[in-house]
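Student: Dropping a structure here in structure tokens format, bear with me for questions.
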Amino acid sequence: ARNIREELAAMEVMAVNPVHRLVTPRMWAAGLISTMLASLVILSGAVGGFVFNVLLQGVTPGAYFDGAVDLLRVSDLYVTLGKSFLFGLIAALVACYMGMNCERSPAGVGRAVNKSTVIAFMLVFAFNYVITTVYFVAFPPKMM
């Protein structure tokens, strides 16, 4: 929308770099929010697993935590949070690029949103594949 109203051109005329003023804060915000959201999902999964196993299936809390400690590693948490931060950065970068280079019409904005969604999904999928493959080669899963 800023591109349609020519706000980006006005910022450049005033010697304000639109990338520093608009893109950088959005990238940091998307990275931090996606990391916080991933933390919330991890916590919800752990609590949900505890409730299901302990309260509904009758497993002792000690057995639940013992199994969780055997299966999970701290490096899993670091990689998950790092991936979520990177995915937020990718989504924000693609969305900002497409928004700043869209056609100057409402239909152009809609097409830019559609393109940015598809491209961000494909980039996140590709980066996830590469990061997960490298992680499994570096830290092979334990066989029980």
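Student: So how tilted is helix 74-100 from the main axis of the chain? Cα-based, degrees 0 to 90, rounded to 10.
Tutor: Helix 74-100 sits roughly 20 degrees off the main axis of the chain.
Student: Then there's this: Give the relative contact order (percent, whole number) for the stretch 65-132; include only Cα pairs under 8 Å separated by 6+ residues.
Tutor: This gives 33 percent for the stretch 65-132.
Student: Could you work out how much longer the chain between Thr24 and Val54 gets when fully extended? Use 0.36 nm per residue separation minus the Cα distance between them, nm to one decimal.
Tutor: Residue separation times 0.36 nm, minus the Cα-Cα distance, leaves 6.3 nm.
Student: Could you give the accessible area per residue of the stretch 16-80, probe 1.4 Å, as a whole number in Å²?
Tutor: On a per-residue basis, the stretch 16-80 sits at 69 Å².
Student: Follow-up. Can you give the relative contact order of the chain as a percent, counting alpha carbon pairs under 8 Å and 6+ residues apart?
Tutor: Values: 95 pairs, mean separation 45.3, N = 144.
Taking the mean separation of contacting Cα pairs over the length of the chain, I get 31 percent.
Student: May I ask you to evaluate 6.51 cos²θ - 1.76 cosθ + 1.60, the Karplus curve with θ = phi - 60°, for each residue of the stretch 38-48 and list the ³J(HN,Hα) values in order in whole Hz, giving x for glycine and proline?
Tutor: 5, 4, 5, 5, 4, 5, 5, x, 5, 5, x
Student: While we're on this one: In a GNM of the chain with a 10 Å cut-off on Cα contacts, which of Ala63, Ala112, Ala46 has the highest mean-square fluctuation?
Tutor: Its mean-square fluctuation being the largest, the pick is Ala63.
Student: Given the options Gly58, Ala92, Ser105, identify the residue whose Cα lies farthest towards the positive end of the charge dipole of the chain (+1 on Cβ of Lys, Arg; -1 on Cβ of Asp, Glu).
Tutor: Ser105
Student: Could I ask something else about it? Ignoring ligands, DNA and RNA, what percent of the 1.4 Å accessible area of the chain is carbon and sulfur?
Tutor: 74
Student: May I pose another question? Quick check for me: using +1 on Lys/Arg Cβ and -1 on Asp/Glu Cβ, what's the dipole size of the chain about its Cα centre, in debye to the nearest 20?
Tutor: For this selection, approximately 300 debye.
The values are calculated or read from the model by the stated rules, or taken from the named source; none is laboratory data. Keep in mind that what you see is a predicted model, and the values were worked out from it rather than measured. Cβ sites come from the backbone with ideal geometry, for glycine too, and all protein chains shown count toward neighbours. Surface areas here come from the heavy atoms of the whole protein model, side chains and all, with no ligands, DNA or RNA. Shrake-Rupley method; radii C 1.70, N 1.55, O 1.52, S 1.80 Å.
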